[in-house]
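Okay, structure first, notes after.
The values are calculated or read from the model by the stated rules, or taken from the named source; none is laboratory data. This structure is a prediction, so every number in the text was calculated from the model and none was measured. As a convention, Cβ positions derive from the backbone with ideal geometry for all residues, glycine included, and neighbour counts pool all protein chains shown. Accessible surface areas use protein heavy atoms only, side chains included; no ligands, DNA or RNA. Shrake-Rupley method; radii C 1.70, N 1.55, O 1.52, S 1.80 Å.
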Amino acid sequence: ARRRAGRDDVAFDGMSKWVAENDGDRTALMAYATGLLEAGRQGEASIAYEAYLELEPNNPVALNNYAWLRHQNQRPDALDYAQRAYNAASGSPEIADTYGWMLVTYGKLKEGLDLLQTATAAAPNSPGIQYHFAYALSKAGRKDEAKKILVNVLQGTGTFTERTEAEQLMQDLEG
């Protein structure tokens, strides 16, 4: 409620105190970690997810988000966390997307492309997942397929964090 009211500082201070004083409150710790991630406070989110994973080492959402944070900071173990998340919840298109995207960025194109294709089929209305698939297709030399997907993604009205990158990829494919 405090975050919705624009009081992030108060919200995070309160949650920080709560999780420090109630170290077994997994629900609060997950909410705190997720809130920090959404607020772009990556360093603090990473610490909170790490603490959560000590309590729930196989939670796929926590593993996925922690993997993404590790990837953003170019940590070599990021892919291991993504794989653990995928193994714990392979049916989640978001988790398959994270793992597939990371495989592609770590040079494992074939494996990543397969996972991204599966994620795309399961979440056809997710522009971020669609963009990741188009990117992987372009890396695999399948530029016409990538362009077709990007046209749909970029014509959509939804916003997603990688829109600029998707637009650049489209320009690169057309140029």
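Pairs meeting the criteria (first residue in region 105-134 and under 14 Å from ALA146 (Cα atoms) and open to solvent by 60 Å² or more (accessible area, probe 1.4 Å), second residue modelled with pLDDT of 95 or more and of a type in the set (Phe, Trp, Tyr), beta carbons under 7 Å, at least 6 apart or on different chains) are GLN117/PHE133. Within region 22-52, the set of residues being of a type in the set (Asp, Glu), surrounded by fewer than 16 Cβ atoms within 10 Å (Cβ to Cβ) and in a helix (DSSP H, G or I) comprises GLU38, GLU50. Of all the criteria given as (1) open to solvent by 40 Å² or more (accessible area, probe 1.4 Å); (2) of a type outside the set (Asp, Glu); (3) closer than 24 Å to ALA140 by Cβ, the one not satisfied by ASN73 is (3).
If the condition is being β-branched (Val, Ile, Thr) and in contact with a helix residue (DSSP H, G or I) (Cβ under 7 Å, 6 or more places away or on another chain), then region 12-33 contributes only VAL19.
Of all residues in region 26-52, those satisfying the criterion of being among the acidic types (Asp, Glu) and either within 18 Å of ASP9 (Cα to Cα) or in contact (Cβ under 8 Å) with a residue 24 or more places away in the chain (or both) are GLU38, GLU44. Considering each residue of region 33-45 in turn, none proves to be among the hydrophobic types (A, V, I, L, M, F, W, C) and farther than 25 Å from THR105 by Cβ. Inclusion of LEU55 among residues that are surrounded by fewer than 22 Cβ atoms within 10 Å (Cβ to Cβ), in contact with a Leu (Cβ under 8 Å, 6 or more places away or on another chain) and without any contact (Cβ under 8 Å) to a residue 60 or more places away in the chain is warranted. For region 127-156, the set of residues classified as in contact with a Pro (Cβ under 7 Å, 6 or more places away or on another chain) and small (Gly, Ala, Ser) consists of GLY156 only. Against the list (1) modelled with pLDDT of 95 or more; (2) open to solvent by less than 60 Å² (accessible area, probe 1.4 Å); (3) farther than 26 Å from ALA136 by Cα, the condition LEU63 fails is (3).
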